[in-house]
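**Student:** Here's a structure for you.
The values are calculated or read from the model by the stated rules, or taken from the named source; none is laboratory data. Everything numeric in this text was worked out from a predicted model, so none of it was measured. A quick note on method: Cβ atoms are made from the backbone with ideal geometry, for glycine too, and the neighbour counts reach across all protein chains shown.
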């Protein structure tokens with residue numbers, strides 16, 4: 001009883017719900033709050049004119065970012081929940097407040113979308129780096145849960161990719177991040193979400209994240225970075241290119257890990273499905289390539305030699321678009337500034353265990369073979385016990 005009273009005094013729910021469904025949502029979520037009283041402070045976020053039901057008190061917003069800004073004014077020890085109505089929210093989101101849940105109406109109903117490429121994104125990043133600056137949704141905090149919505153970067157990559165290199169209107173920095181897990185992010189869990197883009201869809205630039213029963217779609221290096229990310233029971237969807245691809249040419253790469261050598265795990269896929277959209281040819285996509293980001297050092301600026309990428313596919317279905325070679329090499333910046341360094345899969349930590357389907361391959365025995373899905377997840381995430389719901 002004391003716990004309930006304490007929560008009622010301190011807890012806040014920031015809700016985004018339709019006019020007809022607010023009361024029902026509060027009732028359905030009573031296990032989260034233990035009780036539902038109109039005296040609770042409730043903020044509504046919906047795409048249309050706000051008019052909260054009379055039985056509930058509080059303010060209403062038609063911007064998710066505005067609700068997040070309000071959440072930043074709540075003491076950090078207080079857990080905050082934002083519930084979003086179905087609809088399309090066209091806005092760039094930055095979340096730097098932890099201890100928060102953001103819940104949509106479903107990944108086919110609630111969409112957070114923004115159109116930004118890496119050329120434009122330079123203006124939005126602290127160091128003028130366009131790739132993370134292009135992100136539709138940035139999380140830079142710990143203990144964040146996001147569920148039941150889709151995050152999409154709507155930059156028209158396909159149209160741009162189809163343009164000739166000599167076309168002055170062609171965007172040269174065509175990366176467009178949907179979700180950025182930034183450097184201070186940790187213990188970020190995503191359930192039943194959609195992450196859609198083309199090049200660089202998911203940038204894992206922080207620490208630990210868990211993605212469950214979700215869809216991640218892109219074509220070039222679309223899951224990348226130095227973070228420790230477990231992607232489980234999810235669909236990893238390769239998308240086509242806009243330009244013509246020769247029959248013997250690699251069209252896309254699923255991962256580009258830059259895991260630091262001191263970290264045992266990087267990008268881990270468990271019991272997931274590697275699928276493709278129409279237009280992606282057989283044997284045209286590899287599982288990944290090693291990214292050694294160009295980094296400033298005391299003796300110059302060059303490819304980080306300590307970024308020994310780790311990627312592991314464990315018990316995953318692989319459709320026929322996966323190339324028999326499995327992995328690719330990637331160029332990096334030499335000390336003289338030229339792109340002459342070549343980093344190979346053999347120099348990286350790339351593993352595949354018990355894959356199956358048209359492109360399945362389980363010929364190589366590694367120490368991971370003896371692990372179960374549960375034990376692998378636990379090892380990859382350390383002392384963070386995630387919820388499987």
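**Student:** Tell me the residue from 329, 348, 355 that is more than 29 Å from residue 189 (Cα to Cα) and touching a strand residue (DSSP E or B) at 6+ places or on another chain (Cβ under 8 Å), please. Full working, then the answer.
**Tutor:** Values: 348 fails: more than 29 Å from residue 189 (Cα to Cα); 355 fails: more than 29 Å from residue 189 (Cα to Cα).
Result: 329 is the single residue among 329, 348, 355 that is more than 29 Å from residue 189 (Cα to Cα) and touching a strand residue (DSSP E or B) at 6+ places or on another chain (Cβ under 8 Å).
**Student:** What number of residues within the range 369-389 satisfy the criterion of being under 25 Å from the mean Cα position of the chain (by Cα) and either closer than 18 Å to residue 308 by Cα or assigned to a loop (DSSP other than H, G, I, E, B) (or both)? Can you show your working first?
**Tutor:** Quick first cut of the range 369-389, residues under 25 Å from the mean Cα position of the chain (by Cα) only: 372-389.
Subsequent filtering for residues that are either closer than 18 Å to residue 308 by Cα or assigned to a loop (DSSP other than H, G, I, E, B) (or both) retains 372, 380, 382-389.
Qualifying residue count, the range 369-389: 10.
One line per residue, one yes/no per condition, for (1) in contact with a helix residue (DSSP H, G or I) (Cβ under 9 Å, 6 or more places away or on another chain); (2) over 24 Å from residue 115 (Cβ atoms):
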site	(1), (2)
186	no, yes
195	no, no
213	no, yes
219	yes, no
225	no, no
230	yes, yes
236	no, no
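**Student:** Another one. Where the second residue is surrounded by 24 or more Cβ atoms within 10 Å (Cβ to Cβ) and part of a loop (DSSP other than H, G, I, E, B) and the first is free of Cβ contacts under 8 Å to residues at least 40 places away in the same chain and lies in the range 166-193, which pairs have Cβ atoms under 9 Å and are six or more apart or on separate chains?
**Tutor:** none
**Student:** Now for a different question. Would you say residue 149 is within 18 Å of residue 227 (Cα to Cα), in contact with a strand residue (DSSP E or B) (Cβ under 6 Å, 6 or more places away or on another chain), touching a residue at least 12 places away in the same chain (Cβ under 8 Å) and crowded, with 20+ Cβ neighbours inside 10 Å?
**Tutor:** Working: within 18 Å of residue 227 (Cα to Cα): no; in contact with a strand residue (DSSP E or B) (Cβ under 6 Å, 6 or more places away or on another chain): yes; touching a residue at least 12 places away in the same chain (Cβ under 8 Å): yes; crowded, with 20+ Cβ neighbours inside 10 Å: yes.
For residue 149, the condition - within 18 Å of residue 227 (Cα to Cα), in contact with a strand residue (DSSP E or B) (Cβ under 6 Å, 6 or more places away or on another chain), touching a residue at least 12 places away in the same chain (Cβ under 8 Å) and crowded, with 20+ Cβ neighbours inside 10 Å - is not met.
**Student:** If you go through the range 72-100 one residue at a time, how many are on the phi < 0 side of the Ramachandran plot and either at pLDDT 95 or above or part of a strand (DSSP E or B) (or both)?
**Tutor:** Initially, the range 72-100 is screened for residues on the phi < 0 side of the Ramachandran plot, giving 72-86, 88-98, 100.
Narrowing the set further to residues that are either at pLDDT 95 or above or part of a strand (DSSP E or B) (or both) leaves 80-83, 88-98, 100.
Here the count works out to 16.
**Student:** Now, a different point. Being farther than 19 Å from residue 222 by Cβ and in contact with a strand residue (DSSP E or B) (Cβ under 7 Å, 6 or more places away or on another chain) narrows it down to one residue among 373, 307, 311; which is it? Reasoning before the result, please.
**Tutor:** On the way: 307 fails: farther than 19 Å from residue 222 by Cβ; 311 fails: farther than 19 Å from residue 222 by Cβ.
Exactly one residue qualifies, and that residue is 373.
**Student:** Which of the residues belonging to the range 215-233 are farther than 17 Å from residue 292 by Cα and either buried (at least 24 other Cβ atoms within 10 Å of the Cβ) or out of contact with any strand residue (DSSP E or B) (no Cβ under 9 Å at 6 or more places or on another chain) (or both)? Let's see the steps before the verdict.
**Tutor:** Applying the first criterion (farther than 17 Å from residue 292 by Cα) to the range 215-233 yields 215-219, 229-233.
Matches in the range 215-233: 216, 218, 219, 229, 230, 231.
**Student:** Sort through 49, 103, 112, 45 and tell me the only one that's surrounded by 19 or more Cβ atoms within 10 Å (Cβ to Cβ) and at pLDDT below 90. Show your work before the answer.
**Tutor:** Numbers: 49 fails: surrounded by 19 or more Cβ atoms within 10 Å (Cβ to Cβ); 103 fails: at pLDDT below 90; 112 fails: at pLDDT below 90.
From the options 49, 103, 112, 45, the qualifying one is 45.
For every residue, the table says whether it meets (1) loosely packed, with under 13 Cβ neighbours inside 10 Å; (2) modelled with pLDDT under 95; (3) over 17 Å from residue 227 (Cα atoms).
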| site | (1), (2), (3) |
| --- | --- |
| 305 | no, no, no |
| 315 | no, no, yes |
| 326 | no, no, yes |
| 331 | no, no, yes |
| 338 | yes, no, yes |
| 343 | no, no, yes |
| 362 | yes, yes, yes |
| 379 | no, no, no |
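**Student:** Limited to the range 343-359, what total is found for residues that are closer than 14 Å to residue 256 by Cα and in a strand (DSSP E or B)?
**Tutor:** Result for the range 343-359: 4.
**Student:** Right, another one. Being assigned to a strand (DSSP E or B) and either crowded, with 18+ Cβ neighbours inside 10 Å or at positive phi (or both) is the filter here; which residues of the range 291-303 pass it?
**Tutor:** Residues of the range 291-303 assigned to a strand (DSSP E or B): 294-297, 300-303.
Listed by number, the residues that qualify are 300, 302, 303.
**Student:** If you go through the range 175-187 one residue at a time, do you hit one that is under 12 Å from the mean Cα position of the chain (by Cα), surrounded by fewer than 24 Cβ atoms within 10 Å (Cβ to Cβ) and farther than 17 Å from residue 257 by Cα?
**Tutor:** No; the residues of the range 175-187 include none that is under 12 Å from the mean Cα position of the chain (by Cα), surrounded by fewer than 24 Cβ atoms within 10 Å (Cβ to Cβ) and farther than 17 Å from residue 257 by Cα.
**Student:** Sticking with this one: Here are some conditions: (1) under 13 Å from the mean Cα position of the chain (by Cα); (2) surrounded by fewer than 20 Cβ atoms within 10 Å (Cβ to Cβ). Residue 126 meets all but one. Which one does it not meet?
**Tutor:** (1)
**Student:** Separate question: Exactly one condition in (1) in contact with a helix residue (DSSP H, G or I) (Cβ under 9 Å, 6 or more places away or on another chain); (2) at positive phi is not met by residue 135; state its number.
**Tutor:** Evaluating residue 135 over (1) in contact with a helix residue (DSSP H, G or I) (Cβ under 9 Å, 6 or more places away or on another chain); (2) at positive phi leaves (2) as the failure.
**Student:** Condition (residue is in contact (Cβ under 8 Å) with a residue 24 or more places away in the chain, farther than 23 Å from residue 143 by Cα and within 18 Å of the chain's Cα centre (by Cα)) applied to the range 93-107: is it met by at least one residue? Full working, then the answer.
**Tutor:** Our first condition is that a residue be in contact (Cβ under 8 Å) with a residue 24 or more places away in the chain; within the range 93-107, this holds for 93-107.
Checking which are farther than 23 Å from residue 143 by Cα leaves us with none.
Within the range 93-107, not a single residue is in contact (Cβ under 8 Å) with a residue 24 or more places away in the chain, farther than 23 Å from residue 143 by Cα and within 18 Å of the chain's Cα centre (by Cα).
**Student:** Hand me the list of strands (runs of 3 or more DSSP E) wholly inside the range 119-233 holding 2 or more residues that are over 29 Å from residue 86 (Cβ atoms).
**Tutor:** Numbers: elements: 137-139, 142-147, 150-153, 179-181, 186-191, 194-196, 202-204, 208-212, 215-218, 220-225, 228-232.
Those strands (runs of 3 or more DSSP E) span 220-225.
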